[in-house]
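Colleague: The structure is given below, and queries will be raised subsequently.
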Amino acid sequence: MSIVWICGVDEAGRGPLVGAVVAGAVVLDPNHPIEGLKDSKKLTAARREFLYEQIMEKAKAWGVGEASPAEIDEINILQATMLAMRRAVEDLTTRLGRWPDKALIDGNRCPELPIAAEAIVKGDTKEPAISAASILAKVTRDRQMQLLHERHPEYGFAQHMGYPTEAHFAALIQYGACDQHRKSFSPVRKVLEMNAN
């Protein structure tokens, strides 16, 4: 009897004004359980990093996909999120050696995939594979934001991870947008229009 491989899929970075939207996909290995998986937002940064390493080491397969700020601006954040999720499952498929049998997607809609897919609202609190995917996506994106902070320390990305905070708005107004800002997002667009006048 062949084993059924089910992958969890989740994203990080729909709300920020800057950077890629990143998705993770994970097939857990029942022979190598990972303790403490839960929604990445309910974990400390240190705990996420620890579990990220556990996922890399113990998962049957994992994948990461993203959509760039330019893609977000071109096709909108929802479609870009679906694209990132599809890319994550494709990346996982390369490592697994075949498509998983089914994908469990966090949220209320599924990306186009050549396999069965089920959307689960608050799936990152219900399905360990989705929790693992959310950790993978969040840690990957946070690391990207740390690197972006090194390039553009004036925006404070290491503190707010690109989310629309007061400090981020103040930096946007003072310095304008950087090349990784999402120009289609209204707070960024307003600053660009204000600076153009």
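The values are calculated or read from the model by the stated rules, or taken from the named source; none is laboratory data. None of these values were measured; they are calculated from a predicted model. Neighbour counts are summed over all protein chains in view; Cβ atoms, including those assigned to glycine, are modelled from backbone coordinates with ideal geometry. Accessible surface is based on the protein model in full, side chains and every heavy atom, while ligands, DNA and RNA are left aside. Shrake-Rupley method; radii C 1.70, N 1.55, O 1.52, S 1.80 Å.
Colleague: Within segment 45-95, how many residues turn out to be in contact (Cβ under 8 Å) with a residue 12 or more places away in the chain, among the basic types (Lys, Arg) and either within 19 Å of PRO111 (Cα to Cα) or open to solvent by 70 Å² or more (accessible area, probe 1.4 Å) (or both)?
Modeller: 4
Colleague: Look at PRO187 and say whether it is open to solvent by 10 Å² or more (accessible area, probe 1.4 Å) and of a type outside the set (A, V, I, L, M, F, W, C).
Modeller: Answer is yes for this residue.
Colleague: Hey, any hits in segment 108-115 for a residue that's open to solvent by less than 20 Å² (accessible area, probe 1.4 Å) and touching a strand residue (DSSP E or B) at 6+ places or on another chain (Cβ under 6 Å)?
Modeller: no
Colleague: Within segment 161-180, restricting attention to residues that are free of Cβ contacts under 8 Å to residues at least 40 places away in the same chain and outside any loop (DSSP other than H, G, I, E, B), which residue is most open to solvent (accessible area, probe 1.4 Å)?
Modeller: Within segment 161-180, the match that is most open to solvent (accessible area, probe 1.4 Å) is GLU166.
Colleague: If I filter segment 126-141 down to residues being of a type in the set (Lys, Arg) and in a helix (DSSP H, G or I), which single residue comes out as most open to solvent (accessible area, probe 1.4 Å)?
Modeller: Ranking the candidates gives LYS138 first.
Colleague: Turning to a different aspect of this structure: Quick check on this structure: which one of TRP5, TRP99 is of a type in the set (Phe, Trp, Tyr), open to solvent by 80 Å² or more (accessible area, probe 1.4 Å) and either in contact (Cβ under 8 Å) with a residue 12 or more places away in the chain or touching a strand residue (DSSP E or B) at 6+ places or on another chain (Cβ under 7 Å) (or both)?
Modeller: From the options TRP5, TRP99, the qualifying one is TRP99.
Colleague: Follow-up question, since we're still on this one. Test VAL121 against the criterion of being modelled with pLDDT of 95 or more and surrounded by 16 or more Cβ atoms within 10 Å (Cβ to Cβ), and give yes or no.
Modeller: no
Colleague: Quick one: would you say LEU192 is at pLDDT below 95 and open to solvent by 50 Å² or more (accessible area, probe 1.4 Å)?
Modeller: yes
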